[in-house]
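K.L.:
Handing you this structure, nothing more for now.
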Amino acid sequence: MELDIIGLLLYCVPALVTGAIAFLFFREHVENENKRRTFLMHKELQKNSFPLRLQAYERLSLFLERIKPSKLLLRVKPMSSNKEDYESLLIANIEQEFEHNLAQQIYVSDECWSITSTAKNATVQIIRKATISDKVDSADKLREVIITDMVDKRAPSDAALSYIKEEVSSLWN
């Protein structure tokens with residue numbers, strides 16, 4: 001009886017070892033196949049989303065160019081000589097441009113979107129600060145003060161544009 005158990009074990013042990021090795025190889029194969037599928041899906045998604053991301057960066061660049069004070073003041077002319085009306089018109093124009101590009105935030109990094117929003121807010125603050133200046137008493141004077149201030153300083157949108165260029169160049173690497 002003892003001999004039968006030993007004989008049975010001699011037959012079962014190699015079968016169990018072979019089964020365990022086959023199981024481990026099969027599990028490893030399945031894991032590798034899942035990783036390969038995931039990689040191919042990720043690669044396909046990147047291929048499809050890359051043009052959308054580039055388009056988002058282009059749109060944000062255009063937005064930043066359009067809100068640059070020097071270009072904004074050339075494009076948006078005052079309707080009256082009232083400085084507060086002109087301030088409201090400029091800020092409304094910036095906000096409208098921003099709202100038009102809100103959807104771009106899903107294609108760019110959080111940091112890029114934050115920098116773009118900060119540039120927009122800083123531009124609005126430049127306009128508001130110029131409006132409350134004692135030197136400004138009309139819409140034309142407001143334009144003059146903002147343009148004069150921007151000669152000495154770098155526009156907030158320039159820094160944001162630099163960041164966008166860096167981020168886009170990092171996409172190629």
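The values are calculated or read from the model by the stated rules, or taken from the named source; none is laboratory data. What you see is a predicted model, and the numbers here were worked out from it, not measured in a lab. All Cβ positions, even for glycine, are placed from backbone atoms using ideal geometry, and neighbour counts span all protein chains on display.
K.L.:
Considering only the range 85-97, I want to know if a residue exists there that is out of contact with any Ser or Thr (no Cβ under 6 Å at 6 or more places or on another chain), of a type in the set (A, V, I, L, M, F, W, C) and at pLDDT below 95.
P.N.:
no
K.L.:
Hey, another quick one. Can you tell me which residue in the range 47-89 is surrounded by the most Cβ atoms within 10 Å (Cβ to Cβ), limited to those that are over 16 Å from Arg143 (Cβ atoms) and polar (S, T, N, Q)?
P.N.:
Only one residue tops the list, namely Ser61.
K.L.:
Sort through Leu161, Leu142 and tell me the only one that's modelled with pLDDT of 95 or more and either in contact with a strand residue (DSSP E or B) (Cβ under 7 Å, 6 or more places away or on another chain) or surrounded by 15 or more Cβ atoms within 10 Å (Cβ to Cβ) (or both).
P.N.:
Leu161
K.L.:
Sticking with this structure for a sec: Between residues in the range 155-173 that are over 21 Å from Asn121 (Cα atoms) and residues that are modelled with pLDDT under 90, which pairs lie under 8 Å by C-beta distance while being six or more apart or on different chains?
P.N.:
Partner pairs satisfying both residue conditions: Leu171/Phe50.
K.L.:
Let me ask something additional. So for the range 54-63 (the condition being basic (Lys, Arg), at pLDDT 95 or above and under 30 Å from Ala119 (Cα atoms)), does at least one residue qualify?
P.N.:
Yes - at least one qualifying residue is present in the range 54-63.
K.L.:
Let me ask something else. Quick one: in the range 114-150, of everything that is among the basic types (Lys, Arg) and in contact (Cβ under 8 Å) with a residue 24 or more places away in the chain, which residue is nearest to Ser162 (Cα to Cα)?
P.N.:
Looking at the filtered set, the residue picked out is Lys120.
K.L.:
Looking only at the range 32-55, which residues are touching a residue at least 40 places away in the same chain (Cβ under 8 Å) and among the hydroxyl-bearing types (Ser, Thr, Tyr)?
P.N.:
Ser49
K.L.:
Still on this structure, please answer the following. Taking the range 128-139, which residues are out of contact with any Leu (no Cβ under 8 Å at 6 or more places or on another chain) and surrounded by 14 or more Cβ atoms within 10 Å (Cβ to Cβ)?
P.N.:
If the condition is that a residue be out of contact with any Leu (no Cβ under 8 Å at 6 or more places or on another chain) and surrounded by 14 or more Cβ atoms within 10 Å (Cβ to Cβ), then Ser133, Ser138, Ala139 are the ones that fit.
K.L.:
Here's something else I'd like to know. Can you pull out every residue in the range 9-42 that is surrounded by 10 or more Cβ atoms within 10 Å (Cβ to Cβ) and of a type in the set (A, V, I, L, M)?
P.N.:
Listed by number, the residues that qualify are Leu9, Val13, Leu16, Val17, Ala20, Ile21, Ala22, Leu24, Val30, Leu40, Met41.
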